[in-house]
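The values are calculated or read from the model by the stated rules, or taken from the named source; none is laboratory data. Computed from a predicted structure; not experimentally measured. Glycine also receives a Cβ, built like all others from the backbone with ideal geometry; neighbour counts cover every protein chain displayed. Side chains included, ligands, DNA and RNA excluded: accessible areas come from the protein's heavy atoms. Shrake-Rupley method; radii C 1.70, N 1.55, O 1.52, S 1.80 Å.
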Amino acid sequence: MVVFSWAGFKWEETSKPSNTMWRGGGIYPHCLLLVSLFFCTHAVPISVDKTKVSPPEEKVQQPPQSVDTGLHYDRYLREVIDFLEKDQHFREKLHNTDMEDIKQGKLAKELDFVSHHVRTKLDELKRQEVSRLRTLIKAKQDLEGGKGDKAVDHQALLKQFEYLNHMNPHTFEVEDLDRLIKSATSDLENYDKERHEEFKRYEMMKEHERREHLKTLDEEGRKKEEEHYEEMKKKHADHPKINHPGSQDQLKEVWEEADGLDPDDFDPKTFFNLHDTNGDGYFDEQELEALFTKELEKIYDPTNEEDDMVEMEEERLRMREHVMNEVDTNKDRLVSMDEFLVATKKKEFLEPESWETLEQNQAYTEDEMREFEEHLAREEQDLNQKSMDLQKQKEELERQQQQLNAQKLELQQAVEHMERLKTQKVEPPPDVQVLDTDGGNAIPAAPVSSQPLPPGHMQDTSHS
């Protein structure tokens with residue numbers, strides 16, 4: 001898996017970059033590295049003798065499907081190429097332009113001569129891509145908390161995306177094509193390096209988790225676990241001899257076991273044609289990697305506990321890189337038949353050195369492992385601190401919520417009390433009687449007027 005990141009965003013891709021480009025209706029390999037683009041037929045191990053198989057009935061050839069390059073701007077890249085391919089002038093120029101000229105920007109200048117319809121569509125694609133990037137920028141700002149009402153400087157942030165000219169977001173120009181080609185070329189050249197780094201992190205994490213597990217065991221448990229670990233290492237290392245990738249011995253084994261041919265009749269040219277599965281006259285990276293399947297099956301079995309399939313893919317990558325470095329003389333990430341035939345005459349092909357597998361070459365040093373674990377420890381501390389901070393925030397919010405609930409309850413009680421007062425009927429006071437001191441008879445008291453008296457007057461409550 002490859003991870004591409006920008007300013008806090010990450011894109012995880014599981015696909016491999018495509019290694020082929022057009023060629024007038026088919027696949028044009030000379031531009032391979034460049035834009036990585038498009039159409040790629042994945043090679044598979046051959047298990048039958050092609051020399052004895054009747055040619056299949058001719059079928060209408062379907063255009064190959066576009067393959068994800070693994071770049072975060074993959075869709076934009078492929079759509080641009082798809083439309084440029086529709087222009088006859090550009091297709092002809094592409095067919096006659098070599099890799100070095102493309103890298104120097106000579107192909108990009110041909111954009112001025114493509115049809116108006118294609119240019120209009122390219123303008124539209126660029127506007128859509130700029131809009132997509134602005135959406136990403138806005139999403140990133142939202143994730144970071146918005147940072148108040150501060151306006152986003154899109155122009156400044158768009159500078160990070162070097163594969164287009166952000167100063168002109170409306171039209172697709174020569175500079176845009178030049179930037180796109182150079183960015184894709186550079187990013188793909190770093191692709192294998194990224195994969196190696198990802199594998200190293202994977203191996204260190206696996207070892208870290210093993211060590212942490214040992215800490216949870218008692219002395220007897222640790223001893224048993226260590227013995228099991230060493231046993232699995234020995235079982236994994238106990239495999240048949242691995243032929244040097246790309247050597248005569250290795251290719252002859254494929255010739256015999258996969259192709260079903262007599263090793264005494266091995267012929268490099270015939271071998272090349274048999275395994276050039278898309279018939280374009282080149283071995284691309286997938287076709288090369290397919291040649292190593294037999295060697296990898298000697299080391300790795302998915303049903304074995306001791307065999308790690310992630311390590312198998314790393315071994316495949318190492319083998320392919322080695323052959324490319326030895327055979328691909330013009331560094332276009334393709335092996336032509338001429339390059340292949342020249343390599344078969346070298347001493348390294350006829351008398352190769354032994355091949356050291358992954359178990360003989362640990363992916364990391366102890367210093368790197370120590371730094372990795374220190375980094376994990378710091379991350380754990382940061383996470384714990386954030387967890388504590390969040391817990392405190394949670395407790396504070398709960399306290400505030402309790403206060404709000406108490407205030408709400410008091411308010412509800414006050415409202416209910418007011419409602420009761422409004423609906424309650426107050427009874428009038430009973431009549432007051434005054435005792436007659438002369439006769440002893442009760443005399444009703446004069447009612448007290450509820451009307452206010454004029455100023456200077458007082459209520460007379462006496463009786464004569």
- Using θ = phi - 60° and the Karplus curve 6.51 cos²θ - 1.76 cosθ + 1.60, what whole-Hz ³J(HN,Hα) does each residue of the range 228-244 get, with Gly and Pro shown as x? 5, 4, 5, 5, 5, 5, 5, 4, 5, 6, 8, 9, x, 4, 9, 5, 4
- Query: Put a dot 7 Å past each Cα toward the Cβ at Glu220 and Gln413; how far apart are the dots in nm?
  - Reply: 6.4 nm
- Averaged per residue, what accessible surface does the range 288-378 expose to a 1.4 Å probe, in Å²? 53 Å²
- Note on the structure: Quick calc, the range 332-403, dipole around Cα centre from Cβ unit charges on Lys, Arg (+) and Asp, Glu (-), nearest 20 debye, gives 320 debye
- Exactly which trypsin sites (Lys or Arg not before Pro) in the range 330-386 are in a DSSP loop and have at most 16 other Cβ atoms within 10 Å? Lys331, Lys345, Lys346
- Message: At a 10 angstrom cut-off on C-beta neighbours, averaged per residue, how do the peptides 256-266, 169-179 rank from highest to lowest?
- Response: 169-179, 256-266
- Item | Cα-projected label distance for Glu321 with His213, points at 7 Å along beta-carbon direction, nm | 2.8 nm
- Query: Does anything in the range 209-244 have its amide N under 13 Å from the 7 Å Cα→Cβ label point of Leu376, and if so which residues?
  - Reply: 209-216
- Item | Loop-located GluC sites (Glu not before Pro) in the range 268-365, at most 13 other Cβ atoms within 10 Å (DSSP) | Glu305, Glu353, Glu356
- Subtracting the Cα-Cα distance of Tyr229 and Lys422 from 0.36 nm times their residue separation yields 61.2 nm
- Label-point gap, in nm, between Asp265 and Leu390 - each point 7 angstrom along Cα→Cβ: 6.7 nm
- Message: Can you tell me, using C-alpha contacts under 8 Å and at least 6 residues apart, the relative contact order of the range 275-393 as a whole percent?
- Response: 21 percent
- One finds, for His89 and Lys138 with R0 = 45 angstrom and r their Cβ-Cβ distance, a FRET efficiency to the nearest 0.05 of 0.70
